[in-house]
Amino acid sequence: MEKNYDQFKGQSRLPKFAVPKRYDLKLKPDLVTCKFVGAVDISLDVISSTKFIVLNAAELSVDRKAVHFKSSNKVFEALEVGLIEEDEILVVEFGESLPVGLGVLSMAFEGTLNDRMKGFYRSTYEHNGEKRNMAVTQFEPADARRCFPCWDEPACKATFKITLEVPSELVALSNMPVEEEKVTGNLKTVHYQESPIMSTYLVAIVVGLFDYVEDHTSDGIPVRVYCQVGKANQGNFALHVAVKTLPLFKEYFAAPYSLPKLDMIAIPDFAAGAMENYGLVTYRETALLYDDKHSAAANKQRVATVVAHELAHQWFGNLVTMEWWTHLWLNEGFATWVSYLATDSLFPEWKIWTQFLEEATEGLRLDGLAESHPIEVDINHAGEIDEIFDAISYRKGASVIRMLQSYLGPESFQRALASYIKRYACSNAKTEDLWSVLQEESGEPVNKLMNSWTKQQGYPVVSVKINDQKLECEQTQFLLSGSHGDGQWIVPLTLCCGSYEARKSFLMQEKSEALDVKDLLCSSSSKGNLWIKVNVEQTGFYRVKYDDELSARLRYAIESKVLSTNDKYGILDDSYALSMACHQSLSSLLALMASFREELDYTVLSNLISISYKVSRIVAEAVPDLQNHIKLFFINLFQFSAERLGWDPKEGESHLDAMLRGELLNALAAFGHDETINEAIRRFHIFLDDRNTAVLPPDLRKAVYVAVMQRVNKSDRSGFEALLRIYRETDLSQEKTRILGALASCKDPEIILEILNFLLCSEVRSQDCVFGLAVSFEGRETAWKWLKEKWDHIHKTFGSGFLLTRFISATVSPFSSYEKAKEVEEFFASRTKPYIARTLKQSIERVHINANWVQSIQKEKNLSEAVTELAYRKY
């Protein structure tokens with residue numbers, strides 16, 4: 001029997017014998033035994049005469065006797081039903097060939113509500129003090145097959161008619177509104193309306209006890225936010241965002257929201273941030289719930305951008321779906337980019353497009369690795385899909401879309417998007433389909449331009465210098481390892497000269513070009529120190545390296561406060577990357593950082609703070625004698641802004657200042673600034689006695705918790721124990737994750753070990769472990785030893801999936817010696833799995849990059865004089 005199945009093994013896609021048109025699916029989950037039974041009738045179009053039907057199924061048991069195919073009054077019984085677990089397929093064999101044309105495949109099956117946050121799984125919650133289970137689905141990318149047998153590929157779109165049988169006191173939700181409900185005793189049968197045509201990964205079901213808040217969009221679509229009983233008011237902010245966003249997207253995409261209702265629901269155990277299931281969007285609590293008293297400004301912003309991202313998918317992803325996972329970036333890059341568009345429209349005062357630069361930076365950081373990947377990746381096995389839900393698909397994806405939009409202009413871009421949605425609605429599209437529509441609309445060579453950004457990995461660094469009134473530009477592939485790759489791009493170059501009035505744009509197609517900038521140079525009055533900024537407003541996905549002369553002029557322009565926020569951000573970020581790649585000295589990076597002392601902008605300062613953490617670690621490794629000086633330099637650097645903002649929120653201050661205050665105080669505490677730590681501890685003690693005190697608002701909590709942990713060691717554990725007490729008392733996810741992040745900053749390795757073990761205990765939901773993994777410089781070795789000892793347990797708990805990869809990257813990437821890289825390689829040599837391979841290679845490459853940087857810093861002449869001068873400079 002087995003031999004017949006060999007032809008179906010090891011294939012990346014299902015055979016095309018038959019195409020599903022409609023699923024009539026009935027499910028009955030048991031929330032006590034955590035099992036479920038189901039039955040499905042799949043209407044098929046048999047395309048070629050076949051004895052076999054091959055579809056996806058995993059971790060289900062299918063009863064052969066309950067499998068048959070019915071076609072025009074004839075019933076074909078299954079001869080054999082085989083589940084091939086490693087390929088996650090179900091092969092149904094019939095005794096005779098099935099006739100071409102329409103028919104119905106019926107089967108009954110059962111499965112388990114697992115605890116791995118994928119497929120049809122269970123999540124736990126407390127109701128009136130007792131622990132209960134809810135049943136939830138998470139099907140993207142390829143886990144609908146764990147709930148019911150199906151053609152689990154995005155291009156196999158069908159309609160879904162779902163029926164659930166559940167305990168009558170529970171709320172049962174699916175993609176569509178309820179059509180009818182029948183209660184018999186303590187069970188109810190809920191029939192939902194049939195869905196429009198959609199992919200399997202977007203099907204959703206949630207069963208549990210919930211409260212909700214409700215509102216309607218301007219055109220009457222009911223929107224609800226469901227959350228745990230008693231938390232309904234925490235759903236109001238997300239509800240407000242959703243009700244405003246749906247009409248905005250309707251207008252932008254020139255197409256109405258295509259379902260009769262939208263539900264959004266907070267799930268206590270949830271692996272990703274959120275999932276855009278059609279009409280029933282699921283979220284982890286931190287991405288949906290907002291509590292006026294206990295949520296920080298950063299939480300509010302996160303809720304708004306995540307809600308906007310998921311709602312963008314209702315068009316881009318759900319209505320028009322990628323043809324295969326190679327084109328995942330179309331879904332994610334687009335939803336990321338457009339979520340900023342929506343958030344900016346609702347909250348202009350957040351200056352969200354400046355904060356978008358943080359997305360671009362994350363993309364640039366990952367794509368500067370030799371172990372990165374192109375935006376479009378060939379996917380040959382379902383097991384490979386998880387790893388591409390990364391900063392390339394989301395962040396580089398969003399950044400190249402922004403680059404293209406700024407090159408084509410917003411009007412032409414929007415018109416093209418609307419035609420694209422119209423053309424491919426209820427269907428599937430590939431990357432080149434989008435480029436063709438944009439090319440038709442704009443008349444620009446979009447295909448040629450964009451292929452250089454999506455089909456090859458990496459990006460260029462453009463080196464510029466002035467020579468005889470020409471700007472000489474040269475592009476090479478930028479790699480953080482310092483080596484040169486051989487990629488070449490079509491680069492939309494923009495530059496301005498001495499002012500934002502004098503600007504030019506070019507399309508750079510060669511390795512090197514000389515641009516005539518005579519007119520720009522002449523039009524400016526200040527010849528002597530005329531600054532030139534390339535990649536104006538940072539809309540391009542590339543880095544710029546200036547010669548010494550142009551760098552000095554830009555530093556002067558920063559101090560004279562004539563550059564835009566985005567341009568200051570870009571100069572700083574490029575300089576940091578060039579220094580890490582050993583193309584520029586650390587002293588020149590430090591001199592540039594010093595020129596930002598009076599900076600006011602949140603995004604620039606936030607990046608300055610992130611860079612300072614990394615620099616202080618690398619200096620501690622390279623030249624331990626300088627680490628106190630470097631910390632003093634950073635304390636002085638941030639003092640100006642910290643004093644401007646003070647400790648207490650001011651009446652009517654901006655959202656951005658509220659976020660900035662916490663980040664600055666966090667930095668001062670982490671660098672060991674005693675005054676900050678003492679004040680934080682004073683406020684913490686008041687807070688311990690009175691959780692509603694005004695002295696510790698949510699925006700300050702993370703910083704204060706970090707400060708408390710700086711003084712914790714094995715002989716004084718009081719701060720650690722107090723934080724654990726708050727952790728246990730709060731039921732707000734945001735507060736729990738704030739505490740986990742702060743605990744890891746402790747400097748005592750023995751305490752770090754206790755904290756790491758705490759992450760794996762039942763008090764921490766497995767989705768939240770990752771927040772406690774970013775340990776202090778002093779805790780790195782402890783964390784690595786711990787990871788090795790606990791690896792089998794961690795691997796078993798997290799299985800495949802992206803949470804597992806976080807353990808590796810968080811623990812391995814901070815090291816900076818070639819010996820450590822070797823040790824990591826040796827440990828994982830016998831433990832590698834396809835779903836961690838990419839992360840492992842990237843993490844080891846980061847260790848090599850750090851090690852190169854350490855060596856380069858050790859050879860740098862005059863570094864110690866430069867650092868000492870900066871540390872003791874009088875302002």
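The values are calculated or read from the model by the stated rules, or taken from the named source; none is laboratory data. Small disclaimer: the values here were computed from a predicted structure and weren't measured. Backbone-built Cβ (ideal geometry, glycine too); neighbour counts: all protein chains shown. Surface accessibility is based on the protein's heavy atoms, side chains included, excluding ligands, DNA and RNA. Shrake-Rupley method; radii C 1.70, N 1.55, O 1.52, S 1.80 Å.
Annotations for the structure displayed:
- Among the candidates ARG873, ARG838, ARG846, the residue that is assigned to a loop (DSSP other than H, G, I, E, B) and in contact with a helix residue (DSSP H, G or I) (Cβ under 9 Å, 6 or more places away or on another chain) is uniquely ARG873.
- The sole residue among ALA416, ALA398, ALA370, ALA360 that is modelled with pLDDT of 95 or more, touching a Lys or Arg at 6+ places or on another chain (Cβ under 7 Å), within 24 Å of GLN456 (Cβ to Cβ) and of a type in the set (A, V, I, L, M) is ALA360.
- Within the stretch 625-645, residues that are closer than 14 Å to LEU590 by Cα have Cβ atoms under 7 Å from residues that are surrounded by fewer than 17 Cβ atoms within 10 Å (Cβ to Cβ) and among the hydroxyl-bearing types (Ser, Thr, Tyr) in these pairs: LEU626/SER864; HIS629/THR868, counting only partners at least 6 apart in sequence or on another chain.
- For the stretch 444-470, filtered to residues that are outside any helix (DSSP H, G or I) and open to solvent by 70 Å² or more (accessible area, probe 1.4 Å), the residue that is nearest to GLY397 (Cα to Cα) is LYS455.
- Figure legend. Inter-residue proximity from the stretch 1-28: first residues assigned to a strand (DSSP E or B), second residues loosely packed, with under 14 Cβ neighbours inside 10 Å and modelled with pLDDT of 90 or more, beta-carbon distance below 7 Å, spacing 6+ or different chains. Indicated pairs: ALA18/ASP45; ALA18/ILE47; VAL19/ASP45; VAL19/ILE47; LYS21/ASP45.
- Number of the condition not met by LYS65 [criteria: (1) exposed (fewer than 13 other Cβ atoms within 10 Å of the Cβ); (2) more than 21 Å from LYS26 (Cα to Cα)]: (2)
- Residues in the stretch 585-600 that are surrounded by fewer than 21 Cβ atoms within 10 Å (Cβ to Cβ) and either in contact with a Gly (Cβ under 7 Å, 6 or more places away or on another chain) or touching a residue at least 60 places away in the same chain (Cβ under 8 Å) (or both): SER585, SER587, ALA591, ALA594, ARG597.
- Total residues in the stretch 83-106 satisfying the condition of being within 16 Å of ASN73 (Cβ to Cβ) and either in a strand (DSSP E or B) or in contact with an Asp or Glu (Cβ under 6 Å, 6 or more places away or on another chain) (or both): the figure is 8.
- Residue check for TRP853: among the aromatic types (Phe, Trp, Tyr), in contact (Cβ under 8 Å) with a residue 12 or more places away in the chain, open to solvent by less than 10 Å² (accessible area, probe 1.4 Å) and under 23 Å from ASP748 (Cα atoms): no
- Selection from the stretch 682-729 of residues that are over 24 Å from PHE671 (Cβ atoms), touching a helix residue (DSSP H, G or I) at 6+ places or on another chain (Cβ under 9 Å) and either in contact (Cβ under 8 Å) with a residue 40 or more places away in the chain or aromatic (Phe, Trp, Tyr) (or both): TYR727
- Extreme residue, most open to solvent (accessible area, probe 1.4 Å), among residues of the stretch 755-774 that are over 23 Å from ARG617 (Cα atoms) and in a helix (DSSP H, G or I): ASN757
- Just one of the numbered conditions (1) crowded, with 21+ Cβ neighbours inside 10 Å; (2) among the hydrophobic types (A, V, I, L, M, F, W, C); (3) farther than 30 Å from TYR727 by Cβ is not true of ALA837: (1).
- A count restricted to the stretch 16-50 and to residues that are of a type outside the set (S, T, N, Q) and modelled with pLDDT under 95 stands at 2.
- Checking each residue in the stretch 301-325 for being surrounded by 21 or more Cβ atoms within 10 Å (Cβ to Cβ) and assigned to a helix (DSSP H, G or I) picks out VAL303, ALA304, THR305, VAL306, VAL307, ALA308, HIS309, GLU310, LEU311, ALA312, HIS313, TRP325.
- If you go through the stretch 718-745 and keep only what is open to solvent by 10 Å² or more (accessible area, probe 1.4 Å) and aliphatic (A, V, I, L, M), you end up with LEU724, LEU732.
- Listed conditions (1) more than 16 Å from ALA398 (Cβ to Cβ); (2) charged (D, E, K, R); (3) in a helix (DSSP H, G or I) are all met by GLU362, apart from (1).
- Among the candidates ILE558, ILE609, ILE571, ILE618, the residue that is part of a helix (DSSP H, G or I) and within 30 Å of MET450 (Cβ to Cβ) is uniquely ILE571.
- Checking each residue in the stretch 644-679 for being exposed (fewer than 14 other Cβ atoms within 10 Å of the Cβ) and part of a helix (DSSP H, G or I) picks out ARG644, ASP674, GLU675, ASN678.
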